[in-house]
Amino acid sequence: MRIVAQHRDGVEVHDGNRLMRARVLPKLKSRSSEERPCVGDFAFVGVRAGEQVVLELLPRHGVLRRAAAGERYAVQLLASNIDIAIIVCGMDRDFSVKRIQRYLTLVAGSDIEAMVVLSKADQHDGGKLQEARRELPGLAPENLLALDLRHENSARQLLPRLARGTTAVVLGSSGAGKSTLTNTLLGQALQRTGATRQSDGRGRHTTVHRQLVRLPSGGCLIDTPGLREIKLLGDEEQVAECFDDIESMAANCRFRDCAHGFEPGCAVRASVAAGTLSEVRLEHYFKLALEAQSQKIKAVVQERMRGRLGDKMLKEASKLRGKPR
Ligand SMILES: Nc1nc2c(ncn2[C@@H]2O[C@H](COP(=O)(O)OP(=O)(O)OP(=O)(O)O)[C@@H](O)[C@H]2O)c(=O)[nH]1
Ligand SMILES: [Mg+2]
Ligand SMILES: [Zn+2]
């Protein structure tokens, strides 16, 4: 069966015909955050004392992860067995290429293909599609669409990508239109949607848990709550992959360890001067690379401390610092 939703007291599973509630075996619950059941997982489910129970998970492919919010470094699974990540961003006041870039970074380095959907195309554009094209040079043109998610004839442009056997996850900030897209593709208002604030175009976190639905096209779609924080993993490769334009320019810098600051013969700065690389993109690359690096250091230090002190003392230590989690 497939895990289609998660609740505090169990999960919802689907066997292709029927939706059921199931408990999760304690041995699965006590696993590390990365190995616990997650929406999108395929699972063996059996009956124990008259109740459906998730007994074991099948190996995963296409896992989407982020670093959990909070002081300590911990990996959090967002969804598993994913083929496509649809990153939704409104072309209203909430539009942010940097946020899209951050989501793209999370998706990088997995087997998941990234698509970017700019929503609310019926009300806005103002050059935002062009801006996204310019600032996200790594994204194939067919993977960047501007749509009106409320209408089937617009949203259906995604359908060829959502054929039977495909699972997509919809990502993006609250109010972007993730649930609207889900409902339109589904052809019914299954997911609750909510108006955004006039002042800044932000949503009110209407969706509160991840939900997998089966589309008439045969594909599966996972609607998710808007993330408040998109924290990178300690994986510098992800950043390198997303900014491979800059990485390949850097191959022509005079010094191998060029930091692309004030060094002579810097090919990256030369590209900025020549107008072939946007300064904003370069700054954002520095920011994300630094963030991935510091997350990695955090992970390594934590791992060492755990080895030395044990998990229990580490928890005590973070309590003493007054920062739970
Ligand atoms: N005009 C227009 N409105 C849209 C479009 N997509 C979404 N909306 C509206 O934007 C608001 C927020 O949409 P939701 O689908 O609830 O947003 P969400 O991304 O699911 O938000 P959370 O569940 O809070 O994370 C709703 O009022 C939708 O009707 C669009 O393409 N055009
Ligand atoms: Mg929603
Ligand atoms: Zn350089």
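Side notes on the structure shown:
- For Asp148: the one exception among (1) more than 21 Å from Thr167 (Cα to Cα); (2) acidic (Asp, Glu); (3) away from ligand 1 (no atom under 15 Å from the Cβ): (3)
- Evaluation of Gly201 against (1) within 16 Å of ligand 2 (Cβ to nearest atom); (2) crowded, with 20+ Cβ neighbours inside 10 Å; (3) in contact (Cβ under 8 Å) with a residue 40 or more places away in the chain; (4) part of a loop (DSSP other than H, G, I, E, B) (one fails), failing number: (2)
- Qualifying position, being surrounded by 14 or more Cβ atoms within 10 Å (Cβ to Cβ) and out of contact with any Phe, Trp or Tyr (no Cβ under 7 Å at 6 or more places or on another chain), among Asn143, Asn153: Asn143
- As for region 130-138, it holds at least one residue that is among the basic types (Lys, Arg) and on the phi < 0 side of the Ramachandran plot.
- Residue among Glu241, Glu263 that is in contact with a Phe, Trp or Tyr (Cβ under 6 Å, 6 or more places away or on another chain) and modelled with pLDDT of 90 or more: Glu263
- Some residue of region 241-248 being out of contact with any His (no Cβ under 7 Å at 6 or more places or on another chain), within 16 Å of ligand 1 (Cβ to nearest atom) and polar (S, T, N, Q): no
- Of all residues in region 237-255, those being more than 24 Å from Arg133 (Cα to Cα) and crowded, with 19+ Cβ neighbours inside 10 Å number 1.
- Selection from region 79-94 of residues that are part of a loop (DSSP other than H, G, I, E, B), in contact (Cβ under 8 Å) with a residue 60 or more places away in the chain and buried (at least 16 other Cβ atoms within 10 Å of the Cβ): Asn81, Ile82, Asp83, Asp92, Asp94
- Within the option set Arg228, Arg192, Arg197, Arg204, being farther than 25 Å from Arg18 by Cα, among the charged types (D, E, K, R) and near ligand 1 (Cβ under 9 Å from one of its atoms) holds for one residue only, Arg204.
- Within region 256-278, the set of residues being surrounded by 12 or more Cβ atoms within 10 Å (Cβ to Cβ) and not polar (S, T, N, Q) comprises Cys258, Ala259, His260, Glu263, Cys266, Ala267, Val268, Arg269, Ala270, Val272, Leu277.
- Looking only at region 108-127, residues that are at pLDDT below 95, away from ligand 1 (no atom under 12 Å from the Cβ) and surrounded by 14 or more Cβ atoms within 10 Å (Cβ to Cβ) come to 3 in all.
- Test: residue in region 194-204 that is in contact with an Asp or Glu (Cβ under 6 Å, 6 or more places away or on another chain), more than 16 Å from ligand 3 (Cβ to nearest atom) and small (Gly, Ala, Ser): yes
- Criterion: free of Cβ contacts under 8 Å to residues at least 12 places away in the same chain, more than 22 Å from Arg156 (Cα to Cα), of a type in the set (Gly, Ala, Ser) and within 16 Å of ligand 3 (Cβ to nearest atom) - qualifying residue of Ala259, Ala267: Ala259
- The listed residues are Arg66, Arg21, and the only one of them that is in contact with a strand residue (DSSP E or B) (Cβ under 9 Å, 6 or more places away or on another chain) and either of a type in the set (Phe, Trp, Tyr) or in contact (Cβ under 8 Å) with a residue 40 or more places away in the chain (or both) turns out to be Arg66.
- Pairs with Cβ under 6 Å, 6+ apart, first in region 158-183 and at negative phi and part of a loop (DSSP other than H, G, I, E, B), second among the β-branched types (Val, Ile, Thr) and within 15 Å of ligand 1 (Cβ to nearest atom): Ala176/Val88
The values are calculated or read from the model by the stated rules, or taken from the named source; none is laboratory data. Since the model is a prediction, treat every value here as computed from it, not as a measurement. Positions of Cβ are generated from backbone atoms using ideal geometry, with glycine treated the same way; all protein chains shown enter the neighbour counts.
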